[in-house]
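**Q** Questions regarding the structure given below will be posed in turn.
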Amino acid sequence: MREQILVIDDDEKITSMLRRGLAFEGYSVTTANDGLEGLKKMMEAEPHLIILDIMMPRVDGWEVCRRIRESGSAVPILMLTAKDEVSDRVKGLDMGADDYLVKPFALEELLARVRVMLRRRTEKSEKSGNRLEYLDIALDPDTREVFRGDKRIELTTKEFDLLQLFLLNPKRVLSRDLIMEKIWGYDYSGESNVLEVYIALLRQKTEEFGHKRLIQTVRGAGYVLRGDN
């Protein structure tokens with residue numbers, strides 16, 4: 001599968017050049033002309049890397065970067081700017097950007113940085129082994145450890161199994177019957193509201209310290225692990 005790159009820049013000449021250059025290197029490229037459109041496409045496409053301009057209408061690159069990191073996403077971000085100021089570079093890195101490139105730039109340099117950032121991402125993924133991750137939540141089936149960001153979460157056996165089921169099926173709506181069968185078995189005859197109780201407990205623990213809700217209720221259908229609220 002080709003790696004997905006999202007380019008967010010209001011300069012059509014830049015986006016056109018990057019679209020052609022990145023596509024020639026074998027990447028799948030999506031573009032957005034402003035910050036709001038970029039945030040929407042980021043949620044839809046889940047890119048492997050984002051190239052982000054700073055000076056844009058409606059929502060600038062600083063705010064886009066901030067919102068992406070607040071959502072829990074660790075997607076690599078390469079920021080572009082026409083300003084070669086140390087303070088701007090520091091601000092971008094402090095907000096969560098992974099690298100910084102000043103306009104005008106050589107396409108060859110940008111492509112080199114993209115390759116390095118994607119390689120680091122792959123290496124990090126490989127080191128995680130069997131670990132399951134979605135946004136800023138991670139679960140290790142081998143050690144049975146769970147983290148939200150850098151905070152460890154202590155879960156009971158059933159809470160762990162329930163979260164693992166969601167992490168194995170991110171963005172997939174799981175029906176109540178399916179969850180009950182997978183976690184409690186088809187012949188379970190205990191309390192009828194056991195799933196609702198465990199969903200509430202899991203939300204309480206994963207949303208501690210102000211974290212946003214990831215386990216969403218889909219009325220009439222079930223539950224889904226999705227970071228859009």
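**Q** Taking the convex hull of the Cα atoms, report for segment 146-201 its projected area averaged over all directions, in nm². Working shown, then result.
**A** Details: hull surface 17.0 nm².
The number I arrive at for segment 146-201 is 4.3 nm².
**Q** Moving on to the next point. Taking Rg and Dmax of the Cα atoms in Å as the quantity of interest, determine which of (i) 20.2, 67; (ii) 17.5, 61; (iii) 18.2, 51 was computed from the displayed structure.
**A** Answer label, from the structure shown: (i).
**Q** Something else now. For Val146, what is the net charge nearby, where nearby means another residue's Cβ is under 15 Å from its Cβ and Lys, Arg count +1, Asp, Glu -1? Intermediate results must be reported in sequence, preceding the final value.
**A** Details: positive: Arg131, Arg144, Arg148, Lys151, Arg152, Lys158, Arg203, Lys205; negative: Glu133, Asp136, Asp140, Asp142, Glu145, Asp150, Glu154, Glu159, Asp161, Glu207, Glu208.
Summing Lys/Arg as +1 and Asp/Glu as -1 gives -3.
**Q** Filter the cross-link list Lys41/Lys182; Lys91/Lys205; Lys13/Lys83; Lys41/Lys158; Lys103/Lys171 down to pairs whose alpha-carbon distance in this structure exceeds 30 Å.
**A** Among Lys41/Lys182; Lys91/Lys205; Lys13/Lys83; Lys41/Lys158; Lys103/Lys171, the Cα-Cα distance tops 30 Å for Lys41/Lys182; Lys91/Lys205; Lys41/Lys158; Lys103/Lys171.
**Q** Now for a different question. Which aspartates and glutamates does Lys212 reach when only Cα atoms under 14 Å apart count, and residues fewer than 8 places away in its own chain are ignored?
**A** Glu70, Asp136, Asp228
**Q** Now a separate question. For the chain, what does -39500 (n - 2.57) per DSSP helix run (n ≥ 4), summed and divided by total residues, give at 222 nm, in deg cm²/dmol to the nearest 500?
**A** The helix-only estimate for the chain comes to -13500 deg cm²/dmol at 222 nm.
**Q** Over the chain, what is the mean sequence separation of C-alpha contacts under 8 Å (at least six apart), divided by residue count, expressed as relative contact order in percent? Let's see the in-between values first.
**A** Details: 316 pairs, mean separation 28.8, N = 229.
Computed value for the chain: 13 percent relative contact order.
**Q** Give me the accessible area per residue for the chain, probe 1.4 Å, as a whole number in Å². Provide the component values of the computation, followed by the final result.
**A** Working: 12600 Å² over 229 residues.
Averaged over the residues of the chain, the accessible area is 55 Å².
**Q** Let me ask something else about it. For Val173 and Lys40, compute 0.36 nm times the residue count separating them, minus their Cα-Cα distance, and round to one decimal in nm. Don't skip to the answer; put the middle values down first.
**A** Numbers: separation 133, 0.36 × 133 = 47.88 nm, distance 2.04 nm.
Additional length available on full extension: 45.8 nm.
**Q** Please report, as a whole percent, how much of the solvent-accessible surface of the chain comes from carbon and sulfur atoms (probe radius 1.4 Å). Let's see the in-between values first.
**A** Details: 6030 of 12600 Å².
C and S atoms contribute 48 percent here.
**Q** For the pair Glu196 and Leu118, what calculated FRET efficiency results from E = 1/(1 + (r/R0)^6), where r is the Cβ-Cβ distance and R0 = 35 Å, to the nearest 0.05?
**A** On the way: r = 41 Å, r/R0 = 1.18.
Efficiency computed from Cβ-Cβ geometry: 0.25.
**Q** Over the alpha-carbon set of segment 96-225, divide Rg by the Kirkwood Rh and report the Rg/Rh ratio to two decimals. Walk me through the numbers before you get to the answer.
**A** Values: Rg = 19.1 Å, Rh = 17.1 Å.
For segment 96-225, the value is 1.11.
The values are calculated or read from the model by the stated rules, or taken from the named source; none is laboratory data. Note that this is a predicted model, so its numbers are computed, not measured. Note that we place each Cβ from the backbone using ideal geometry, even for glycine, and neighbour counts take in every protein chain shown. Remember, those area values only see protein heavy atoms, side chains included, never the ligands or the DNA or RNA. Shrake-Rupley method; radii C 1.70, N 1.55, O 1.52, S 1.80 Å.
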